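Data block below; observations after.
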Amino acid sequence: MRIALITLVSLMLGGWHAAWSAEQDDAALIKAVSSAKVTLQKGLTASQREGRPISAKFEMENGKLQLSVYTEKNGKFFEVIVDHMKGSIAKTEPITEDDDLADAKSQSAAMANAKTDLKAAVDKTVGLNLAVGVTPDVKDGHPVASITVAKDGKLQTVTQRLD
């Protein structure tokens, strides 16, 4: 009984720690994105020279802010890193790893029947909020974009139809 109680308390504290840690990560991301000079929408536009944008997100990579856009060009997939201070393309790499490639293929399939591009969907949704990421999907047979925004100091996801 005592071991079970200790295990239960440990699991509860572990869950609390994970939630607290995620909130800290979100706060750090929101703060970093707030200081970026380039919006998610501008990153989507800049990446177009490397193909059609199929997803984009700000993320913390090794403690530094990064704007990553997945693109598709001639049936191949690329990760385009956009300089979040200048708006220029810093690096383009082919996507070849299994998980990333599966994500890119799924995102491309979701965009196949979209009539609205991701930038327009983000523009329509964001308003006064700060866009942090956008990922397409298919829900109930319709292409949609899940747009992550920073609102009131927290990350929230808003869904926007693309057809």
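Whole Å is fine, so just give me how far the alpha carbon centre of segment 104-154 lies from that of segment 21-82. Centre-to-centre (Cα) distance: 13 Å.
Over segment 2-161, what relative contact order in percent results from Cα pairs under 8 Å that are six or more residues apart? In percent, rounded to a whole number, it is 19. What is the sum of charges, Lys and Arg at +1 and Asp and Glu at -1, for the other residues whose Cβ falls under 12 Å from the Cβ of Asp123? In short, +2. Expressed in units of 2.2 N^0.38 Å, where N is the residue count, the Cα radius of gyration of segment 2-161 is 1.17.
Read the figures in this text as sums done on the coordinates, not as results from a lab. Values in this document were obtained by computation on a predicted structure and should not be read as measured data. We place every Cβ from the backbone using ideal geometry, glycine too, and count neighbours over all the protein chains shown.
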